[in-house]
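Asker: The following block contains the structure, expressed as structure tokens.
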Amino acid sequence: MKAGLEVHQQLATAKLFCRCPSELSEAVLGVVRRSLRATGGEDHLVDAAAAFQSARGLIFRYEISPSSCLVDLDEEPPGLLNPEALDVALTVAMMLGARVLDEVEVMRKIVVDGSNTSGFQRTALVAVDGAIDVGGQRYRIDTIALEEDAARRIDGGAHEVSFRLDRLGVPLIEIATAPEITQGAEARAVAEEIGAVLRSTGRVRRGIGTIREDLNVSTDGGARVEIKGVQQLRLLEKYAGVEEERQRRLLEVATELRRRGASVPPEGARPVTDLLREVVEGPLRFRDGWVVVGLRFRGFAGLLRANTPDGPRLGRELADHARSVGLGGLLHSDELPGQGIGEQLLVRLRRELDAEPADALVLLAAPDLARAHAAAYRVQGRARAALDGVPPETRDPLPDGTTRYSRPLPGRNRMYPETDVPPTTIDAARTERLQGVLPERPSATRQRLAADFALRPERIDQLWRSGEVARFEQFVADGRTANNVARLLTQELPAAMGRLSGDGEREVSDDLLRALLVALERGTIAKEAIPPVLDELLAGATSVADAAERRGLVGVSGDELGDMAGKVVAANRELVLAKGMAAFSALMGDLMKEVRGRRDGKEVAAALRTKMAGLLASEGRPT
Amino acid sequence: MATDPIDELRRLPMGELVTVVNPDGRRWHGRLVPAHELSGDRIIQLKLESGYNVGVRVDPGAKIEHHPAPASSTEKRLPVERPPTAPSAPASGPVALLTTGGTIASRVDYQTGGVRPVHGEREILSFFPELEQGGPVRVVRVLDKLSEDVSRDDWVLLAHQVEAAFRSGAVGVVIAHGTDTLQFTASALSFLLEGLPGPVVLVGAQRSPDRPSSDGFTNMAAAVRVAREPDLYEVVVVMHAGLSDDQWAVHRGTRVRKMHSSRRDAFATRNEPPLGRVANGAVSWEQARRPRSGTLLAVTKPPDGRGALLWMFPGLDPTRAAEFARTLRGLVLAGTGLGHTAQEHLAWIRAATGRGAVVAMTTQTLGGSVDPYVYATGRELLRAGVVFAGDMLPETAYVKLLWALGQSDDPAEVTRLFLADRAGEMVNRHTDTGAVG
């Protein structure tokens, strides 16, 4: 396997070609509906991916947001390339030792899935030929580009897809590595290291969805497949592995198909609706007005079903293509009889479609004949590609670590100059100015943290990866304990953000985080109480005390804790006297029921031990 | 003598594969494409293998290698799948599509990245494949100009082309035109053409058709639809009626004005609702259409260029204005409010009308009528011989005055023609149509 990564990071500047803020918003100020078409004609190439999307004939519904303007609506020409965003991209390029271009030209990349109102994404190459060192190995970085983020998809049906314009135009830095990654684990490590460099600029957006990865996987004899928009780094490894396995299986299938002399007949699908009138259950149950068409693939029998329970199946690949035109899926002969189709009917279908026992049948149900044929055309194309092995394509990552077909791989034909934006010359004065204020490299930061603070190496690792070094140093300089600060910023806070539903747009102010650390040091809240308190702060609590109170987590003072421990010991006097310190666990359970989250567990244990020892000593028992 | 490598590069044909190695060792390899007009000094533009264009500074000591342009792309041509179209309506007669240039008839050249005009019937129909659903479309290339370059002579040329199209059997005529001066051409054709046997529909695009989001595709389809309407015998403009791709307005050619520099719904009928709308492939009428005139199809005498339009603004020097008006046969003023100017302009206006020039008053407000009776200034302008043009838009009044000047040498006859209704350019009754703007 060879894999390359594209890391996309949103910047915390204004949008790339207008003065709108780069902030998501739930407000919807209005709606417009548009259609897009793949442009190109008789003597020009139409990009395959663009033609594919255009053919779906979808209506796009755009929600106007307080963070959008006429530029986002494609109703006003773009402004100049945001100089602040360009500075961040140049800074990153220099940190990665890349060659900065003499002049940056903005391009239009055709994308007609509706995610850009214009039908293209504006993108500009800023630097080339950088590198990053990870785990003692050097990975080349081919390109560093600045581009606009797409509109946020809200929901989608078979005919209409909704997007919100708040995210459209938010600047993204795109960093593409050379295809030199050979293992899934490496992909994750490289992505993390690139993320750390980006965050060290202090100018990137934080939170869920603000950094996304595309993973390009190629295998020997296979093809390049792009898994687009991975938001969880921990899944990169899984996606890479699953894709490698999927390609291996598809190659096996191709070998077997060739051995059998299998083929995909050129003729189109045949309507079989009338044969299916008596079907009362399953995906092909008879529905008024619906049509069912059938396809036959010579020599494909038995290869559409999975050969292992979780193995990739040709049937699933074919079904994904039927879904890509809005159908629910398909039925194939490897799963028949069944699904409401009996043996007799299957025989009739085979006869109707001229299928031999060695052939596979595919049945597609659609609300109209046009859609059925559109789906059949796609499915047939995919079956034909199976004879050659692995088709190059774009796939969507799914939360379970698998992927699903999304669209053909876009080619070079989709890029042409954005004539509305003049080029930006990068002069020496600009690069020198940025060079003078270049952030510390992550490797240097790590060394410094190790030298300055008594932190465990893993903690240091987490700290620089999180991009929280600046805040960490600030809080520690204010007198907070290094370990508490590091844990809060690298674990507890990100975890709390992760628990947020939606887009993770809320945040806890630095002042509240400081107050939380002080409360922890004074013992007014326990370490265990930090997650619930953070949740409340994210939900709008105005102070740490307010947050603690909402969860009933008002702290227990040292004296109170002593009294409570004394009561538990008194209540279990006989048990303690009988079992000695071995009774600790039982008593600890009782005590924790009362003080959980209100006092650090270690302190609770210490208080309990003191009281138990006191009782045992007073009775002359060994402790 | 060694030649400067940048000169060497500038002599190469576009599309040539070149390698530039600057003295600092930086090496660039790509296809030569035209540099942007605003590119920096000594910058050439290369298209890299990735598809990106980059600007490369060529040092005087740079080394250049070039290779013949590569064979055409190895990428497969993929047929564009179009969603199956509804069965076409019973075919009507042909619609003539006259092209003049402008955004709607331009496309991007992927080799150079430049925008160029669309040529030829085949290319245009391949661009707008749905146009022939309702019947045949014949494409006639008349001009190849941005609309800001369209001249008075071009109006006349277009009028004759419209006449010819109808004479050769067209049921309607569509004119694809740049949007900047669309309203001037629409007015000119409204006055120049007599006895129209069918619709003349001007249409444009605010986004070029190389963009997947171009309004040109649907505007053109709506325009052809309107051109097939029976019982429409006037010059209209069809453009987007909102920001969504679901409604198109039909504007009377003499009442329409471009009211926004970039929005796709930039065109508006002033002082009344649009004539009609196109939605879901059907046309509905909201205002009375003009009946077919009894006269035969003809083009009148051409407009006379000795007329002008002057925007009256505070601080305009009367001497300068008098000089501007000195050799004119006619002048349309865009006055303030109900049709006013500063008192200091009265003298030269009086002098102009005195020597036989026709001076007409319109309003800068672009909504409502001028009225000479409300304020003293108005009454004085009236006494100075100024003709008040009702609610005629300044641009429409300017075009109409040029046309009237072309029809007669007699100022009284010019004034009579100017004030008489010819193509619905004046509305005599204003009702509340919602917000101003």
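Asker: For every helix of n ≥ 4 consecutive DSSP H residues, a contribution of -39,500 (n - 2.57) applies; sum these over chain A, divide by its total residues, and give [θ] at 222 nm rounded to the nearest 500 deg cm²/dmol.
Answerer: -11500 deg cm²/dmol
Asker: Sticking with this one: Cut-off 10 angstrom, C-alpha nodes, Gaussian network model of chain B. Which of B:H240, B:H160, B:H177 fluctuates the most?
Answerer: Greatest mean-square fluctuation among the candidates belongs to B:H160.
Asker: Please get the size of the charge dipole for chain A, origin at its Cα centre, with Cβ charges of +1 on Lys and Arg and -1 on Asp and Glu, quoted in debye to the nearest 20.
Answerer: Roughly 1400 debye, rounded to the nearest 20.
Asker: Label 7 Å along Cα→Cβ of B:E37; segment A:412-442 residues with amide nitrogen under 13 Å?
Answerer: A:419-423
Asker: Additional query: Put simply, what bits of segment A:359-380 lose 30 Å² or more of accessible area when the other protein chains are there, versus the chain on its own (1.4 Å probe)?
Answerer: Residues losing area: A:A370, A:Y377.
Asker: Next up: Within segment A:142-163, name every residue whose backbone N is under 18 Å away from a label modeled 7 Å from Cα of A:A370 along the Cβ vector.
Answerer: A:157-161
Asker: Residue farthest toward the positive end of the dipole of chain A, with Cβ of Lys/Arg at +1 and Asp/Glu at -1: which of A:A187, A:L81, A:V197?
Answerer: Value computed over the given set: A:A187.
Asker: So what are the ³J(HN,Hα) numbers for segment A:579-593, from phi and the Karplus equation (6.51, -1.76, 1.60; θ = phi - 60°), rounded to whole Hz, Gly and Pro as x?
Answerer: Once θ is set to phi - 60°, the couplings for segment A:579-593 become 9, x, 5, 5, 7, 3, 4, 4, 6, 4, x, 5, 5, 5, 4 Hz.
Asker: Just the number, please: carbon plus sulfur as a percent of the accessible area of chain A, 1.4 Å probe, no ligands or DNA/RNA counted.
Answerer: In chain A, the share of accessible area belonging to carbon and sulfur is 49 percent.
Asker: Still on this model: By its C-alpha gyration tensor, with a ≥ b ≥ c as the square roots of the eigenvalues, how is segment B:95-299 shaped: rounded for a/c under 1.5, else prolate for a/b larger than b/c, else oblate?
Answerer: rounded
Asker: Can I ask one more? Segment B:1-47: which residues show an accessible-area loss of 50 Å² or more, assembly versus chain alone, 1.4 Å probe?
Answerer: B:R26, B:W28, B:H36
Asker: Once amide H atoms are placed 1.01 Å from N in the peptide plane, what residues at a sequence separation of 5 or more from B:V174, or on another chain, have their amide H within under 5 Å of its amide H?
Answerer: B:A96, B:L97, B:L98, B:V201
Asker: Here is a further query. With θ set to phi - 60° and the Karplus curve 6.51 cos²θ - 1.76 cosθ + 1.60, what are the ³J(HN,Hα) couplings of segment A:257-266 in order, to the nearest whole Hz, using x for Gly and Pro?
Answerer: Coupling constants for segment A:257-266: 4, 5, 4, 7, x, 5, 7, 10, x, x Hz.
Asker: Ratio of the protein assembly as shown's C-alpha Rg to 2.2 N^0.38 Å, to two decimals?
Answerer: After normalising by residue count via 2.2 N^0.38 Å, the value is 1.19.
Asker: Now a separate question. Amide H to amide H, which residues 5 or more places from A:R404 or on other chains are under 5 Å from it, using H placed in the peptide plane?
Answerer: A:D396, A:L398
Asker: Which residues of segment A:101-142 bury at least 30 Å² of accessible area once all protein chains are present, versus their chain alone (1.4 Å probe)?
Answerer: Residues passing the criterion (a loss of at least 30 Å², heavy atoms only) are A:L101, A:D102, A:E103, A:E105, A:M107, A:L125.
Asker: Describe numerically, in nm with one decimal, the distance between label points set 7 Å from Cα along Cα→Cβ at B:H66 and at A:E594.
Answerer: Rounded to a tenth, the inter-label distance reads 9.0 nm.
Asker: Suppose R0 equals 41 Å; then what is the FRET efficiency for A:R430 and B:V436 from their Cβ-Cβ distance, rounded to the nearest 0.05?
Answerer: Result of the calculation: an efficiency of 0.30.
Asker: Just tell me the longest site-free run in chain A, where the sites are trypsin sites (Lys or Arg not before Pro) in a DSSP loop having at most 10 other beta-carbon atoms within 10 Å.
Answerer: The answer is A:278-623.
Asker: Under the Kirkwood approximation applied to all pairs of distinct alpha-carbon atoms, what is the hydrodynamic radius of segment A:51-173 in Å?
Answerer: Its Kirkwood hydrodynamic radius stands at 16.1 Å.
Asker: Please average, across the residues of B:240-247, the number of beta carbons from any other chain that are within 10 Å of each residue's own beta carbon, and give a whole number.
Answerer: Mean partner-chain Cβ count within 10 Å for B:240-247: 4.
Asker: Still on this structure, please answer the following. Which value results when the Cα radius of gyration for segment A:440-550 is divided by 2.2 N^0.38 Å?
Answerer: 1.07
Asker: Further question on the same structure: If I take R0 = 30 Å and measure r between the Cβ atoms of B:R11 and B:D153 in this structure, what FRET efficiency does the formula 1/(1 + (r/R0)^6) give, to the nearest 0.05?
Answerer: Computed FRET efficiency for B:R11 and B:D153 comes out at 0.20.
Asker: Whole-Hz Karplus ³J(HN,Hα) for segment A:296-301, in order, using 6.51 cos²θ - 1.76 cosθ + 1.60 and θ = phi - 60°, x for Gly and Pro?
Answerer: Each residue of segment A:296-301 in turn: 10, 10, 5, x, 8, 4 Hz.
Asker: Ignoring ligands, DNA and RNA, what percent of the 1.4 Å accessible area of segment B:5-67 is carbon and sulfur?
Answerer: 52 percent
Asker: Just want the answer: with Cβ charges of +1 for Lys and Arg and -1 for Asp and Glu, which residue in A:A583, A:V595, A:M612 is farthest toward the dipole's positive end in segment A:558-618?
Answerer: Towards the positive end, the residue furthest out is A:A583.
Asker: List the residues whose amide H sits under 5 Å from the amide H of B:V387, counting only those 5 or more places along or on another chain, with H placed 1.01 Å from N in the peptide plane.
Answerer: B:V359, B:A360, B:M361
Asker: How many nm separate the modelled label positions at A:D400 and A:A571, each set 7 Å beyond the Cα in the direction of the Cβ?
Answerer: For the pair A:D400/A:A571, the computed spacing is 4.6 nm.
Asker: Counting only GluC sites (Glu not before Pro) that sit in a DSSP loop (anything but H, G, I, E, B) with at most 13 other Cβ atoms within 10 Å, what is the longest stretch of chain A containing none of them?
Answerer: A:282-618
Asker: Also, I was wondering about something else. Does chain B come out rounded, prolate or oblate, given a ≥ b ≥ c as the square roots of the eigenvalues of its C-alpha gyration tensor, rounded meaning a/c under 1.5 and, failing that, prolate meaning a/b above b/c?
Answerer: oblate
Asker: Given a 1.4 angstrom probe, what's the average accessible area per residue across the protein assembly as shown, in square angstrom?
Answerer: Value for the protein assembly as shown: 42 Å² per residue.
Asker: If I take all pairs of Cα atoms in segment A:223-380, what percentage of them are more than 29 Å from each other?
Answerer: When all Cα pairs of segment A:223-380 are counted, 22 percent exceed 29 Å.
Asker: Something else now. If the limit is 31 Å between Cα atoms, which of A:K228/B:K63; B:K47/B:K145; A:K228/A:K527 go over it?
Answerer: Beyond 31 Å between Cα atoms: A:K228/B:K63; A:K228/A:K527.
Asker: Moving on to the next point. Run the quick spin-label model on B:Q364 and B:R306: label points 7 Å from Cα toward the beta carbon, then report their separation in nm to one decimal.
Answerer: 2.9 nm
Asker: Per residue of chain B, what 222 nm ellipticity follows from adding -39500 (n - 2.57) for every DSSP H run with n ≥ 4, rounded to the nearest 500?
Answerer: After summing the helix terms and dividing by the residues of chain B, the value is -7000 deg cm²/dmol.
Asker: Can you give the FRET efficiency to the nearest 0.05 for A:E521 and A:V134, using r as the Cβ-Cβ distance and R₀ = 45 Å?
Answerer: Efficiency, rounded to the nearest 0.05: 0.80.
Asker: Answer rounded, prolate or oblate for segment A:563-623, using the Cα gyration tensor with square roots of eigenvalues a ≥ b ≥ c: rounded when a/c is under 1.5, else prolate when a/b is larger than b/c, else oblate.
Answerer: Judged from the Cα gyration tensor, segment A:563-623 comes out prolate (a/c at least 1.5, a/b above b/c).
Asker: State, in square angstrom and to the nearest 100, the accessible area buried between chains B and A, both chains counted, probe radius 1.4 Å.
Answerer: 5400 Å²
Asker: Turning to a different aspect of this structure: Where the accessible area of segment B:307-419 is counted over protein heavy atoms with a 1.4 Å probe, how much of it, in %, is carbon and sulfur?
Answerer: The value for segment B:307-419 is 57 percent carbon and sulfur by accessible area.
The values are calculated or read from the model by the stated rules, or taken from the named source; none is laboratory data. Being a predicted model, the structure only gives us computed values, none of them experimental. Note: ideal-geometry Cβ built from the backbone for every residue, glycine included; neighbour counts use all protein chains shown. Areas reflect the complete protein model, heavy atoms only, side chains present, ligands, DNA and RNA absent. Shrake-Rupley method; radii C 1.70, N 1.55, O 1.52, S 1.80 Å.
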